[in-house]
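The structure under discussion appears below in the form of structure tokens.
The values are calculated or read from the model by the stated rules, or taken from the named source; none is laboratory data. Model, not experiment: these values are computed from the prediction. Ligands, DNA and RNA are stripped out before the accessible areas are found, and what is left, the full protein with its side chains, is counted by its heavy atoms. Shrake-Rupley method; radii C 1.70, N 1.55, O 1.52, S 1.80 Å.
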Amino acid sequence: MCRGLSGLPTSCLERAKEFKTRLGILLHKPELGHKIGNWSHSTKQRYALEEVLGWKESFDHLLKSKNGMAAFQGFLKTEFSEENLAFWLACEEYKKTRSKTKLVSRANRIFEEYVQNEAPREVNLDHETREVTRNNLTVITPACFEEAQAKTYTLMEKDSYPRFLKSAYYRDLVEQATSHRTGKPTHT
């Protein structure tokens, strides 16, 4: 029977994270077709240079941009960590729910998919935050996931977002936007 991640030695978890990072890097290799996420290099959407450069202003600015969020999501897929953004977006939608019945079913679905131990798309939360969130579900309110969502936001802001800005993925977007603006073809 599967014991889950908590049953594995720390060295195995560190090795798995290293392997995950290496797989993400392979997706950026031009000799492998330069496929990034679901977009190939040639079909990746072109954005305005000002918009792409504007995503560097702040993580919040990136998330407020529909295109910025799509680009960030594409990058997270290359790192196999899109569950953080998916959870954050699910919480944003959850907070907009007005029907008490829908609130309960959505809360349970979000918890089961992202928060509980060994969830299919489990986000990286400490034990205390996970337990606070579990206890919040005893009385369902729009604020049930606030602490977990805030921790996930901070993790993305401090970890994933800086990696996104330094990545070949982001540099490619800037290059494409620059060449689109100047009319020069990009070199692939």
Handout entry: For the stretch 42-188, Kirkwood radius (reciprocal of mean inverse C-alpha pair distance, Å)
Key = 16.7 Å
Problem - Phe111 accessible area, 1.4 Å probe, all protein chains in place, Å² to nearest 10 - result: 20 Å²
Practice task
Would you please give the residues with an amide H less than 5 Å from that of Glu122, counting only those at least 5 places away or on a separate chain, with H modeled from the backbone geometry?
Solution key: none
Problem - Note, ³J(HN,Hα) from phi for the stretch 73-83, Karplus 6.51, -1.76, 1.60, rounded to Hz, x at Gly and Pro - result: 4, x, 5, 4, 5, 5, 9, 6, 9, 6, 5
